[in-house]
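Below: the structure, in structure tokens.
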Amino acid sequence: MADKAKAFRAAFPHTLPILAGFTFLGIAYGVLMQSKGFSWPWTLLMSTTIFAGSMEFVTVGLLAGNFQPIYAYCLALMVNARHLFYGLSMLEKYKGAGWKKFYLIFGMCDESFSINCSVDPPEGVDAGWFRFFVTLLNHCYWIAGSMLGSLAGSFVPFDTTGIDFAMTGLFIVIFMNQWFSCRDHRPALVGLGASVLCLVVFPTDYFILPAMVLILMMLTFFRKKLDPASHMEEPAK
Amino acid sequence: MNTVQMLLTIGAVVLATATTRFLPFLIFPASRPVPAYIRYLGKVLPYAVIGMLVVYCFKNVTVTKAPFGLPEWIGAAVVAGLHLWKKNMLLSIGAGTIIYMLMVQLVF
């Protein structure tokens, strides 16, 4: 029990930016659902089970159209394809988390991934529980935000426009923390450069898949230079 | 769509989302050694992916017409500048977000 409390206290501060961002985005989502005629049980169901913000907004549109479950499946695969990279990044870190591993993977949204892949829990804190609470807290913020929007969207007392910039801020800060924690900046530059290039070349809504392919190609092409382990397999010169 | 069809549609989306999250773990289970190439990707991808997410946040910013994405650029500069200076995550994100909100609500 003490272990869990310790992990919770260590995890909570890291999730505060997401509390801000998800409250706003969740409210926006709940209000949108309400305006399309979906009352709170639908919002609750989708926030809890899909738990992928952008895809939930897309699903509202799907539900308004004709019944095409295969199309819905394929569209969601494409919108969420970036999660494949998250999984590959977390293969080692989620090892040994026991039963919690299932939930860690199920709840691996952009924000939970970015914290769990970049923050190592402080000394003496169980890594599995730390990451579990990061994931769970973010999940709860999203559900609570969307419920708030669904039930009380019109009563928010101040103008929250722009509060979702907390998400952008979070990713910038994580990018910088990673930048300073690592001497080799080339993987970060590959990600940044390939994405900017694809955003310029491809339509905004479709840039992420080509960006993923380009990142994969560049990282594969430069493997000899970037991977110290691949040198060790070669005979010493 | 009736209620059952809506539930099936939501189910399809849930299944697809779970597919993208679980697939790498199913292909490379913890019980077997992960190929060296995949381990390499696991080491370098986190850095590249966060770079991609930063760009993703700016995808709807238009730089060719007013306000030229100024609120976003200024907000990002505040976050980055404060973080370089104080290295306090909540301060950087909090101040950057408040300044961004003031800009989009009052200035632009």
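The values are calculated or read from the model by the stated rules, or taken from the named source; none is laboratory data. All values derive from a computational prediction rather than experimental measurement. Here the Cβ positions follow ideal geometry from the backbone for every residue, glycine too, while neighbour counts run over all protein chains shown. These accessible areas exclude ligands, DNA and RNA; they are computed on the full protein's heavy atoms, side chains included. Shrake-Rupley method; radii C 1.70, N 1.55, O 1.52, S 1.80 Å.
Before moving on, here are some points about what is shown:
- Filtering region A:96-131 to residues that are over 25 Å from A:Trp179 (Cα atoms) and either among the aromatic types (Phe, Trp, Tyr) or not in a helix (DSSP H, G or I) (or both) leaves A:Gly96, A:Ala97, A:Gly98, A:Trp99, A:Phe102, A:Tyr103, A:Phe106, A:Gly107, A:Gly124, A:Asp126, A:Trp129.
- The residue that is nearest to the other protein chains (Cβ to nearest Cβ), counting only those in region B:45-89 that are open to solvent by 70 Å² or more (accessible area, probe 1.4 Å) and in a helix (DSSP H, G or I), is B:Leu84.
- When residues of region A:85-116 are limited to those that are without any contact (Cβ under 8 Å) to a residue 24 or more places away in the chain and either crowded, with 20+ Cβ neighbours inside 10 Å or touching a His at 6+ places or on another chain (Cβ under 8 Å) (or both), the one nearest to A:Trp129 (Cα to Cα): A:Ile105
- Those residues of region A:50-68 which are open to solvent by less than 40 Å² (accessible area, probe 1.4 Å) and within 7 Å of another protein chain (Cβ to nearest Cβ), in sequence order: A:Ile50, A:Ala52, A:Met55, A:Thr59, A:Leu62, A:Leu63
- Unique match (being of a type outside the set (A, V, I, L, M, F, W, C) and under 19 Å from A:Gly30 (Cα atoms)) among A:Tyr103, A:Tyr141: A:Tyr141
- Considering region A:159-179, and only residues there that are more than 7 Å from chain B (Cβ to nearest Cβ) and farther than 14 Å from A:Val119 by Cβ, the residue that is least open to solvent (accessible area, probe 1.4 Å) turns out to be A:Thr160.
- Of all the numbered requirements in (1) open to solvent by 30 Å² or more (accessible area, probe 1.4 Å); (2) closer than 16 Å to A:Arg82 by Cβ; (3) out of contact with any Gly (no Cβ under 7 Å at 6 or more places or on another chain), B:Gly42 misses one, and that requirement is (1).
- Among the conditions (1) in contact with a Lys or Arg (Cβ under 6 Å, 6 or more places away or on another chain); (2) not assigned by TED's automatic domain parsing to the domain that holds A:Leu25, the only one that A:Trp129 does not satisfy is (2).
- Number of residues in region B:5-31 that are over 25 Å from the mean Cα position of the chain (by Cα) and within 7 Å of chain A (Cβ to nearest Cβ) equals 5.
- Residue match in region A:21-36 (condition: at pLDDT 90 or above and open to solvent by less than 50 Å² (accessible area, probe 1.4 Å)): no
- Just one of the numbered conditions (1) part of a helix (DSSP H, G or I); (2) in contact with a Ser or Thr (Cβ under 8 Å, 6 or more places away or on another chain); (3) surrounded by fewer than 19 Cβ atoms within 10 Å (Cβ to Cβ) is not true of B:Thr9: (3).
- When each of A:Ala72, A:Ala11, A:Ala76, A:Ala7 is tested for being more than 10 Å from chain B (Cβ to nearest Cβ), over 18 Å from A:Phe171 (Cα atoms), in a helix (DSSP H, G or I) and of a type in the set (Gly, Ala, Ser), the lone residue that passes is A:Ala7.
- Per-region count, region A:129-158, residues within 14 Å of chain B (Cβ to nearest Cβ) and open to solvent by 30 Å² or more (accessible area, probe 1.4 Å): 2
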